[in-house]
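Novice: Take this structure, written in structure tokens, and hold onto it; I'll ask about it next.
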Amino acid sequence: MENLKCQICPAFYTRTIASMQSHLIRVHSTDQRFNVKCDVPGCQRTFGNARSYQTHLRQNHQEFDMHADVRVWDVIGEQLNEDEIGNMELDNPHDPINNEERNFEDFEDGLVEMKKRNARFLLQTKECNRLTQKASEDIAENVMSLIQDTVELVKMGVQDKLDSVGLNFDDVPGLSGLFETENPLSNPFTHVNTQNKQCNYYKENLGLVEPRRITLGHTTVRRCRGIKQRQVLKNDEMMYVPILESLQLMLNNESILHAVNNPHQRNDGKFEDFCDCQAFKTHPLFSTVPNALQLMLYYDEVEITNPLGTKTGKHKL
């Protein structure tokens, strides 16, 4: 194995699990779609939370050196001895052709992933804090202004360092382009800086399922027009979120798909969910196709007591 590759963003590579864990916590800990598999060879556990993964590594893999270079692992996850390490055939890290191609692919992939993270940040900031569209656009504009100021300072620092060693900033191919205002690094929200751009990007890249407006009927209401009142028809509408598209989006999540393909039933006589009841075991569909989808179109809580005042809700199942 040459490098560990981040399972969320394709642009990050490292050679130790410790470095990968640090990257996951710093960059992806707030990612709503966080889902990674344990990097320790032979372990098949998956996690939807970066801190849970960190705890798993600390408690279940104490014997494994998290700072060990992945190049000393063999196919079953044991560390190789020094003779084997010396005989390993590694790619030449100083090969300019291979490195140039790899760095180009990583940079392009990194830009694509950065756009997704920036769009998720803006969407999460808006929805979690219940902001208006105008407020979210103002935040994006202010953040871009801060980033552009920072990039300009970095550019000045790079110029000073190059001048100190006798190099000209403009003589380095492609360097000045990284600091241009039009570069995605300086304009992280240029692809989602308006409401129309946001909707289009969310649908194409984040799987946004838009609700549909359905007209149920019409009612007659009185509306004033000038000094006269007239009867006009008003639509009685409801909003419907397409269930098939929603299911398709959820089943694209590996953890959800794994749960669907691997149904569970308890064998200790206890009830955990619908799969453990007799109705499930004798159902004409679920008894023959246990991984068939169970759609709960409606459910309500059960209050096991009759509380009053502030105690309401503490005894619900």
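Novice: If you go through the range 113-134 one residue at a time, how many are among the polar types (S, T, N, Q), part of a helix (DSSP H, G or I) and over 16 Å from Asn187 (Cβ atoms)?
Specialist: Here the count works out to 3.
Novice: Does at least one position in the range 175-193 carry a residue that is assigned by the TED database to the domain that holds Asp138, exposed (fewer than 13 other Cβ atoms within 10 Å of the Cβ), at pLDDT 85 or above and small (Gly, Ala, Ser)?
Specialist: Yes.
Table: residues versus (1) in the same structural domain as Cys199 (by the TED database); (2) at pLDDT below 70; (3) closer than 30 Å to Gly207 by Cβ.
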| position | (1), (2), (3) |
| --- | --- |
| His28 | no, no, yes |
| Arg33 | no, no, yes |
| Val40 | no, no, no |
| Ala50 | no, no, yes |
| His56 | no, no, yes |
| Glu78 | no, yes, no |
| Glu89 | no, yes, no |
| Ile97 | no, yes, no |
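Novice: List pairs: first residue in the range 103-126 and modelled with pLDDT under 85, second residue loosely packed, with under 14 Cβ neighbours inside 10 Å anywhere in the structure, Cβ distance under 7 angstrom, at least six positions apart or on different chains.
Specialist: Taking only residues 6 or more apart or on different chains, not a single pair turns up.
Novice: Can you pull out the residues in the range 143-186 that are of a type in the set (Asp, Glu) and in a helix (DSSP H, G or I)?
Specialist: Asp149, Glu152, Asp160, Asp163, Asp170, Asp171
Novice: Among the residues of the range 30-44, which ones are out of contact with any strand residue (DSSP E or B) (no Cβ under 7 Å at 6 or more places or on another chain), surrounded by 14 or more Cβ atoms within 10 Å (Cβ to Cβ) and not acidic (Asp, Glu)?
Specialist: Arg33, Phe34, Cys38, Val40, Cys43
Novice: If I ask for residues that are assigned to a helix (DSSP H, G or I) and either modelled with pLDDT under 80 or within 20 Å of Arg15 (Cβ to Cβ) (or both), which ones from the range 59-76 would you list? Break it down into steps so the answer makes sense when it comes.
Specialist: Within the range 59-76, the first condition is being assigned to a helix (DSSP H, G or I), and the residues that meet it are 59-60, 70-72.
Scanning the range 59-76 gives Val70, Arg71, Val72.
Novice: Is it true that Ala279 is farther than 25 Å from Gln124 by Cβ and outside any loop (DSSP other than H, G, I, E, B)?
Specialist: For Ala279, the condition - farther than 25 Å from Gln124 by Cβ and outside any loop (DSSP other than H, G, I, E, B) - is met.
Novice: To continue, here is another question. Looking only at the range 260-287, which residues are aliphatic (A, V, I, L, M) and surrounded by fewer than 12 Cβ atoms within 10 Å (Cβ to Cβ)? So that I can check it myself, show each step before the final result.
Specialist: In the first step, residues of the range 260-287 are kept if they are aliphatic (A, V, I, L, M); the result is 260, 279, 285.
Residues satisfying the conditions are Ala279, Leu285.
Novice: Here's something else I'd like to know. It is to be established whether one or more residues within the range 36-45 are touching a helix residue (DSSP H, G or I) at 6+ places or on another chain (Cβ under 7 Å), within 25 Å of Thr125 (Cβ to Cβ) and not in a helix (DSSP H, G or I).
Specialist: The answer is yes, given that some residue of the range 36-45 is touching a helix residue (DSSP H, G or I) at 6+ places or on another chain (Cβ under 7 Å), within 25 Å of Thr125 (Cβ to Cβ) and not in a helix (DSSP H, G or I).
Novice: In addition: Can you pull out every residue in the range 187-206 that is in a loop (DSSP other than H, G, I, E, B) and out of contact with any Phe, Trp or Tyr (no Cβ under 7 Å at 6 or more places or on another chain)?
Specialist: Within the range 187-206, Asn187, Pro188, Phe189, Thr190, Asn193, Thr194, Leu206 qualify.
Novice: While we're looking at this one, here's another question. Restricting attention to the range 157-174, which residues are among the hydrophobic types (A, V, I, L, M, F, W, C) and loosely packed, with under 11 Cβ neighbours inside 10 Å?
Specialist: Val165
The values are calculated or read from the model by the stated rules, or taken from the named source; none is laboratory data. This one's a predicted model, so the numbers in the text were calculated from it and none came from an experiment. Quick reminder, even Gly has a Cβ in these numbers, built from the backbone with ideal geometry, and neighbours come from all protein chains shown.
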